[in-house]
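The values are calculated or read from the model by the stated rules, or taken from the named source; none is laboratory data. Because the structure is predicted, anything quoted here is derived from the model rather than measured. Here Cβ is always computed from backbone atoms with ideal geometry, including for glycine, and neighbour counts include all displayed protein chains. Remember, those area values only see protein heavy atoms, side chains included, never the ligands or the DNA or RNA. Shrake-Rupley method; radii C 1.70, N 1.55, O 1.52, S 1.80 Å.
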Amino acid sequence: MPGLLGDDILHRIEASRSLPEAVQILSGTGFDMVPRVYGKTGDIKSAEMAMFARQVEEERLILKFLPKHALPFFTEWTRRLEVESLKAAFRLWFDHHIRKRSISAQAVYLYREPVIEKIDYDRLLALDDDGAILELVKKTPWKDLLAEQLPIVRERESVFLLEVSLDRFHYHRLLQASRKLLPGDKKTADRLLQTLADEQNLLLAFRLKNFGAEGKDLFLEGGIKVTRTLFNRLVTLEEKDFLAETIRLYPALARNSKGEASLDDLFAWFTSQREHKGRKLISGTPFTIGTPLAYSLIKTLETERLRSLLNARYYRAGEDR
Amino acid sequence: MLFPEKMKKISVLALKEHAEKLSRELLSLGVLEFVPVRDFTGIKTGHDRNNSSEWTSLRKRVESCLEQGSRDTLDGVVPESDDWTPPDREETGRKLDALAQEIITIREKQKDLQQKILQNGEMLRYLAQFPDSLDTLPAGKSLYLRIEPGNLPASQKESLEKALSGYPHLLLAGTGGKEGDRMACVLVFLVRDERDIDKILTRFSWTDSPFSRDDSDTLIMIDSNLKQKGSELEAQQKGWNEKLLTLIDQRSDELVELWKKIRVAELGSLMREHYGTTGSAILFSGWVPAAQIAEVERTVRETAGTDVYLEITDAPRDDSGSAQPVPVQLRNPSFLRPFEKLVVNYSLPRYGTVDPTPLVAITYLLMFGLMFGDLGQGFVILILGFLGMLKFRKDPAKLSLSRLITWCGGSAMVFGILFGSCFGRGIFPALWFNYHGVVLGEGVEGQAVGSVLDILGLTLQLGIVVVALGLILNWVNCIKRRRWLEFFLDKKGLLGGWLYAGGVASLWPFVTSGFKEFPPASFVFFAVLLPASLIPLKPVLEVFVHRHKGEKVKIGKLMLHAMEGVVEILEAFTGFLSSTLSFMRVAGLGIAHVSLMMAFSQIADLTGSPWIAIPILVLGNALVIVLEGLSAGIQSLRLNYYEFFTKYFVGAGKAYVPLKLGR
């Protein structure tokens with residue numbers, strides 16, 4: 001299993017002067033598929049797809065070595081990668097069928113291999129009829145959710161609620177699967193899920209301002225800091241008050257951002273919290289689900305950070321040109 | 001060999017005007033590891049930190065460019081010490097920016113090509129799902145792909161191609177020949193683009209043609225054209241890749257020269273970073289191997305002339321607790337490097353303490369051979385090791401492992417000869433004892449090793465020797481570090497040695513007499529009970545030794561330390577017993593190795609046919625080489641780490657890393 005990158009390499013990428021230089025820094029690391037694919041194709045999106053494929057491959061490998069009792073939970077945990085694929089697919093579908101835009105340039109970068117469920121993404125992109133799409137996913141857990149959400153997507157001409165619903169549904173499945181874990185593993189999983197729920201609720205509350213009462217139904221149970229009452233209030237707050245409330249919840253956030261938090265600070269804060277949680281898990285008791293979970297969590301964060309750094313480098317190079 | 005290289009600390013105070021020249025000369029020598037100068041007030045340090053990090057960043061940029069070329073051009077490159085002029089940093093940056101821009105331009109072309117390759121692949125994938133006959137589909141289209149026969153004015157063909165360039169497509173012209181000024185074509189494109197493409201076709205006066213049964217070869221033709229297009233795109237992509245490699249390779253000499261200059265400037269900056277400065281003087285301090293200190297002193301004096309104050313001090317005997325630990329450089333001959341890796345993998349020995357590398361080489365190979373003694377299988381491992389050494393010449397970690405495997409193969413061969421075993425069969429007489437015969441119960445009466453119990457006894461004796469050696473090495477460490485309390489009264493000191501020797505002397509006659517004869521009580525008292533009862537002395541005495549000046553010793557603290565001593569008695573007994581008995585695993589694995597080979601031999605013999613017997617023997621040997629070889633290797637390591645090292649090893653040493661020219 002390839003190792004983790006560490007801050008030094010990420011800082012070097014951040015400080016690099018061009019995309020080829022940034023990519024080259026990854027040679028000999030656990031992300032060596034990036035310089036390999038980029039070196040062959042010059043295409044950072046192909047390299048990103050290879051990175052995602054490796055992530056899926058690694059998590060599927062972890063699944064093979066887990067004991068039976070931990071398998072349902074980790075399978076659900078891995079399903080978050082399927083959620084990512086589905087979101088990307090429906091964004092393309094929406095652009096093509098609802099917005100009537102050409103998606104040929106982007107569609108080639110859609111990851112089509114199965115993560116957990118076998119879904120024919122080519123067909124999904126091609127189908128315009130909701131019934132046919134539901135027929136396509138009838139053997140997957142996503143069927144009912146899509147049956148409910150696809151008409152909303154058409155009516156509102158937005159995939160936002162569909163994406164939120166996918167996340168919510170995935171979270172509920174994780175919660176359900178955690179109930180079947182052994183006590184030690186359940187404790188570990190619950191702690192992680194609580195953080196995820198708080199994070200999701202806070203970010204949702206910020207993004208849901210335009211959805212009024214309907215948005216309030218999207219609250220995720222299971223968090224510790226963000227209660228339903230607080231969530232309902234947060235949805236109604238202006239950005240300044242919202243961030244002030246967030247600082248009240250997480251005083252450390254204020255310390256990090258010199259008393260004035262922005263939405264970027266909020267995102268960065270949660271990322272650092274997840275990483276902190278991951279590092280804590282990895283140094284905890286071995287032989288629990290914590291170790292693979294921590295690896296997966298930290299690896300995901302690193303992949304996300306790396307992807308955004310490489311993209312920033314790519315688009316900055318575009319501006320320079 | 002048994003101790004790390006002796007180090008000396010050199011501290012130099014010189015005039016600032018000599019700083020540059022001193023830097024060059026010391027870098028050329030490449031033996032000084034700097035220590036921070038922090039002990040004096042009024043001295044500024046680290047003033048060149050920004051400078052060195054900027055050089056480092058430039059160097060990494062050059063390395064990054066070179067790495068994109070076809071070969072490792074920096075392999076073995078050492079900057080020349082006669083050229084110390086730093087390159088113009090801004091000019092260098094501009095040069096690298098220009099090269100980066102050229103690289104980006106090529107990468108951009110590659111990116112566009114890659115998108116076309118992927119789109120072409122997508123069309124091929126969709127074509128494979130197309131029904132065999134076009135006329136079974138309405139308007140020649142599946143869910144993904146549309147095949148559109150038609151015609152357009154011949155003069156418009158190129159313009160149409162241009163208009164379609166943003167969409168994945170294939171335009172085949174001339175399948176039906178020319179009809180006046182119109183050209184028959186087949187256009188293949190993705191259904192998802194038909195909204196846009198239909199508009200384009202209308203603009204170019206495209207007229208649809210009906211499918212006919214004569215067009216049955218159309219699909220084959222489209223398939224081969226898409227494949228051909230794919231190959232052409234791949235060839236173009238390869239061409240751009242080669243262009244990039246050529247670009248870097250053409251510039252590599254220039255880049256290597258640049259790298260050398262930048263590296264020298266970077267190292268110079270790094271050195272200056274370590275200098276403490278006053279108004280007119282510089283002060284620096286660092287560790288140098290004792291063997292090279294005279295050369296360093298001469299160089300400094302020759303460079304700085306009379307304007308220099310130089311002080312050379314010995315490294316402390318015991319640097320534990322020091323903020324500046326003495327760096328460690330092991331000095332083993334190259335053939336012992338694989339075993340040095342095993343030691344360093346555990347931890348780097350602390351300065352001035354025993355480096356067990358040569359002893360580990362002996363104990364490791366002895367244990368491996370005893371567990372895996374077989375001439376033929378050892379030979380196979382030896383060959384595998386040699387092959388690994390050839391294959392991994394440029395990978396230090398794998399090369400070292402291959403060397404270790406070669407050593408293990410040699411050890412297995414030697415013990416195979418001693419045990420008379422080749423591929424699990426007794427082809428030649430044993431020089432020492434026949435392991436197979438002993439395991440089968442056919443041992444010769446009167447021989448030193450005639451039964452399985454004798455093998456167990458033999459490995460216990462090995463354990464006693466290894467544990468005793470560990471204790472002796474600990475005494476050496478204590479003497480070298482002047483830790484007299486530990487030397488005399490610790491459970492691993494002389495007292496522990498007395499207890500261990502007494503314990504062995506008391507138990508050995510008991511065991512060899514078939515558990516019938518007890519040693520006399522007075523002997524047991526003097527050999528075991530007396531040293532054991534003295535063990536709590538050390539923790540109690542430590543209270544007096546380590547107390548602060550004028551501090552009163554509290555009874556409670558004394559009692560606590562006495563209790564600790566009692567626990568140490570228990571630890572000493574269980575520790576010595578378990579460490580010694582642990583070596584029985586050597587016998588266990590050796591017997592398992594022989595038993596497995598005997599089992600395969602018997603299965604092969606039972607078949608009665610050489611055609612079946614030979615594959616069974618080959619497979620059996622392969623299985624034993626992999627599984628038992630791995631087990632023997634791991635267990636030898638485990639015994640060294642947990643039964644041998646724990647008796648004396650002082651780890652957490654700091655590696656000696658001098659500043660020198662080179663990568």
Result of the Cβ filter at 7 Å on segment A:239-254, keeping first residues that are over 14 Å from A:D198 (Cα atoms) and partners that are in a helix (DSSP H, G or I), at least 6 apart or interchain, is A:F242/A:F206; A:F242/A:L234; A:L253/A:T246; A:L253/A:I247; A:L253/A:D265; A:L253/A:W269; A:A254/A:I247
What number of residues within segment A:40-69 satisfy the criterion of being crowded, with 22+ Cβ neighbours inside 10 Å and more than 25 Å from A:L125 (Cα to Cα)? 3
Quick check on my filter: what residues within segment B:54-92 are open to solvent by 70 Å² or more (accessible area, probe 1.4 Å) and not in a loop (DSSP other than H, G, I, E, B)? B:E54, B:K60, B:E67, B:R89, B:E90, B:E91
Looking only at segment B:267-275, decide whether some residue is touching a His at 6+ places or on another chain (Cβ under 9 Å) and open to solvent by less than 20 Å² (accessible area, probe 1.4 Å). yes
Taking segment B:226-270 on its own, how many of its residues are more than 14 Å from every other protein chain (Cβ to nearest Cβ) and among the hydrophobic types (A, V, I, L, M, F, W, C)? 9
If only one of A:A189, A:A205, A:A105, A:A147 is more than 14 Å from every other protein chain (Cβ to nearest Cβ), free of Cβ contacts under 8 Å to residues at least 24 places away in the same chain and not in a loop (DSSP other than H, G, I, E, B), which one is it? A:A147
Give me the helices (runs of 4 or more DSSP H) completely within segment B:489-583, filtered to those with at least 1 residues that are out of contact with any Leu (no Cβ under 6 Å at 6 or more places or on another chain), without any contact (Cβ under 8 Å) to a residue 40 or more places away in the chain and small (G, A, S), ordered by residue number. B:494-512, B:521-524, B:530-534, B:555-582
A:R80 meets each of (1) free of Cβ contacts under 8 Å to residues at least 12 places away in the same chain; (2) away from chain B (no Cβ under 14 Å); (3) not β-branched (V, I, T) with one exception, condition (1)
Could you tell me whether any residue of segment B:393-401 is open to solvent by 20 Å² or more (accessible area, probe 1.4 Å), under 28 Å from the mean Cα position of the chain (by Cα) and closer than 30 Å to B:I616 by Cβ? no
Please work out which residue is most open to solvent (accessible area, probe 1.4 Å), limiting yourself to segment B:451-497 and to residues that are closer than 12 Å to B:F576 by Cα and of a type outside the set (A, V, I, L, M). B:K492
Could you go through segment A:98-115 and let me know if any residue there is touching a Lys or Arg at 6+ places or on another chain (Cβ under 9 Å), among the charged types (D, E, K, R), open to solvent by 40 Å² or more (accessible area, probe 1.4 Å) and modelled with pLDDT under 95. yes
If you check B:L342, B:L390, B:L348, which single one turns out to be at pLDDT 90 or above, surrounded by fewer than 19 Cβ atoms within 10 Å (Cβ to Cβ) and out of contact with any Asp or Glu (no Cβ under 8 Å at 6 or more places or on another chain)? B:L390
Quick check on my filter: what residues within segment B:188-206 are more than 7 Å from chain A (Cβ to nearest Cβ) and surrounded by 14 or more Cβ atoms within 10 Å (Cβ to Cβ)? B:V188, B:F189, B:E194, B:I197, B:D198, B:I200, B:L201, B:F204, B:W206
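Residue-wise test of (1) surrounded by fewer than 16 Cβ atoms within 10 Å (Cβ to Cβ); (2) modelled with pLDDT of 90 or more.
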residue	(1), (2)
B:M563	yes, no
B:A572	no, no
B:F583	no, yes
B:V586	no, yes
How many residues does segment A:126-162 hold that are of a type outside the set (A, V, I, L, M) and under 19 Å from A:P114 (Cα atoms)? 7
Of those in segment A:6-21 that are more than 9 Å from every other protein chain (Cβ to nearest Cβ) and either of a type in the set (K, R) or in a helix (DSSP H, G or I) (or both), the residue surrounded by the most Cβ atoms within 10 Å (Cβ to Cβ) is A:I13
Go over the candidates B:L127, B:L99 one by one and state the one that is within 12 Å of another protein chain (Cβ to nearest Cβ), open to solvent by less than 50 Å² (accessible area, probe 1.4 Å) and either at pLDDT 80 or above or not in a loop (DSSP other than H, G, I, E, B) (or both). B:L99
Tally time: how many residues in segment A:22-45 are assigned to a helix (DSSP H, G or I) and of a type outside the set (S, T, Y)? 12
Just checking, does segment B:303-313 include any residue being open to solvent by 10 Å² or more (accessible area, probe 1.4 Å), assigned to a helix (DSSP H, G or I) and within 15 Å of B:L29 (Cβ to Cβ)? yes
Among the residues of segment A:219-238, are any part of a loop (DSSP other than H, G, I, E, B), touching a helix residue (DSSP H, G or I) at 6+ places or on another chain (Cβ under 9 Å), open to solvent by less than 70 Å² (accessible area, probe 1.4 Å) and modelled with pLDDT under 75? no
Just the residues that are within 17 Å of the chain's Cα centre (by Cα) and crowded, with 22+ Cβ neighbours inside 10 Å, please, taken from segment B:322-339. B:P338, B:F339
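Condition check ((1) open to solvent by less than 30 Å² (accessible area, probe 1.4 Å); (2) more than 15 Å from the chain's Cα centre (by Cα)) across all residues:
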residue: A:E155; (1), (2): no, yes
residue: A:Y171; (1), (2): yes, no
residue: A:L174; (1), (2): yes, no
residue: A:L181; (1), (2): yes, yes
residue: A:D190; (1), (2): no, yes
Going by the structure shown, is B:I117 touching a helix residue (DSSP H, G or I) at 6+ places or on another chain (Cβ under 8 Å), open to solvent by less than 70 Å² (accessible area, probe 1.4 Å), under 24 Å from B:L244 (Cα atoms) and in contact (Cβ under 8 Å) with a residue 40 or more places away in the chain? yes
